[in-house]
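Visitor: Before I ask anything, let me first share the structure, which is written out below as structure tokens.
The values are calculated or read from the model by the stated rules, or taken from the named source; none is laboratory data. Here the structure is a predicted model, which means the values were calculated and not measured. Glycine also receives a Cβ, built like all others from the backbone with ideal geometry; neighbour counts cover every protein chain displayed.
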Amino acid sequence: MAHEKYKNCIKACLECAQACEHCATACLEEEDVKMMAGCIRLDRDCADICVLSAQMMSRDSEFASQFCRLCAEICGACGEECGKHDMDHCQRCAEACKRCAKECEAMAGVAA
């Protein structure tokens, strides 16, 4: 099947989306939610592009590499923002974002 060649990237995207959704929800429970607003926004954007990128790869879309290129960029921004916060959920999200960005860059042929 065509999507098998993207298996690792699809897995990284779906894991990242899950980590971002969890992080956004956990950020809403933090004492200073306003301080977490940027993190929450990026978590939501990242989760959405990760799911969409996984879908594009699953259907072997001719636009999959462009989505993965953008996904890598958003994951990088989200990982950077989450990495600024000491909470475990943010740190786990930052790691998932870094993994996903790396897989998406490789899939899209972006020079690291």
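Visitor: Counting just the residues of segment 81-98 that are under 18 Å from E29 (Cα atoms) and of a type in the set (K, R), which one comes out surrounded by the fewest Cβ atoms within 10 Å (Cβ to Cβ)?
Guide: For segment 81-98, the residue satisfying everything is K84.
Visitor: If you take the residues of segment 24-64 that are crowded, with 18+ Cβ neighbours inside 10 Å and not aliphatic (A, V, I, L, M), which of them is farthest from E95 (Cα to Cα)?
Guide: Among those that are crowded, with 18+ Cβ neighbours inside 10 Å and not aliphatic (A, V, I, L, M), it is S53.
Visitor: Another one. Give me the pairs: first residue in segment 26-51 and free of Cβ contacts under 8 Å to residues at least 24 places away in the same chain, second residue assigned to a loop (DSSP other than H, G, I, E, B) and surrounded by fewer than 19 Cβ atoms within 10 Å (Cβ to Cβ), beta-carbon distance under 8 Å, and six or more apart or on different chains, which are they?
Guide: Sorted first by the residue in segment 26-51, then by its partner, the pairs are I40/L28.
Visitor: Given the criteria surrounded by fewer than 16 Cβ atoms within 10 Å (Cβ to Cβ) and among the charged types (D, E, K, R), does E21 qualify? I'd like the intermediate steps shown before the answer.
Guide: On the way: surrounded by fewer than 16 Cβ atoms within 10 Å (Cβ to Cβ): no; among the charged types (D, E, K, R): yes.
It is false that E21 is surrounded by fewer than 16 Cβ atoms within 10 Å (Cβ to Cβ) and among the charged types (D, E, K, R).
Visitor: Only residues that are β-branched (V, I, T) and either outside any helix (DSSP H, G or I) or modelled with pLDDT under 95 (or both): list them for segment 23-64, please. Quick ask: steps written out before the conclusion?
Guide: First, the residues of segment 23-64 that are β-branched (V, I, T): 25, 33, 40, 49, 51.
Hit for segment 23-64 is V33, nothing else.
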